[in-house]
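A short worksheet on the structure shown next.
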Amino acid sequence: MEYQYPIDYTWSTDEIVDVIHFFECIEKAYENGIDRDVLLAAYRRFKEIVPGKAQEKTIFNEFEEVSGYTSYQAVKALKETSSGQKIKVAPKRK
C-alpha cells in the first residue's frame, strides 16, 4: 500500500523504524495474520516510544485514516490471545 505512516519527527531514526515496524505488524494482522509474540514485541516497543494513551490514540486514528486498519482491534486481539497463537483481525464491514 502507498501511504505515509504517522510519525513524530522528534523521534530518533531507530524509533521511527520501530514505529513503522509496529504498523507493518498491524497490516499483517489484517492481511495474513501474525504470530501473537511478534505483534506483542512490536507493541511493547511502540509503547516505549509512545507511552501516553492520548498520543497512542491520536497515532492509531491517523494510521486508520490513511490505511483503513484499526490498530485498536489488533491490540485488543493481542490481549485476548495466548503466546504462540496467530492473530488474524477481520476488516471492518462498511
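The values are calculated or read from the model by the stated rules, or taken from the named source; none is laboratory data. Just so it is clear, the structure is predicted and the values come from calculations on it, not from any experiment. So basically every Cβ, Gly included, is an ideal-geometry build from the backbone, and we count neighbours across all protein chains shown.
A few comments on the model shown:
- Close contacts from the range 69-86, counting a first residue that is without any contact (Cβ under 8 Å) to a residue 40 or more places away in the chain and surrounded by 13 or more Cβ atoms within 10 Å (Cβ to Cβ) and a second that is part of a helix (DSSP H, G or I) and of a type in the set (Phe, Trp, Tyr), with Cβ to Cβ under 7 Å and a gap of 6+ residues or different chains, come to Tyr72/Phe60; Val75/Tyr43.
- The set of residues in the range 1-45 being among the hydroxyl-bearing types (Ser, Thr, Tyr), within 17 Å of Gln55 (Cβ to Cβ) and under 13 Å from the mean Cα position of the chain (by Cα) consists of Tyr5, Tyr43.
- The helices (runs of 4 or more DSSP H) falling completely within the chain include none with 3 or more residues that are out of contact with any helix residue (DSSP H, G or I) (no Cβ under 9 Å at 6 or more places or on another chain) and of a type in the set (Ser, Thr, Tyr).
- If you go through the range 15-42 and keep only what is more than 22 Å from Ser83 (Cβ to Cβ) and aliphatic (A, V, I, L, M), you end up with Ile16, Val17, Val19, Ile20.
- Check on Arg36, farther than 14 Å from Ala74 by Cβ and at pLDDT 95 or above: no
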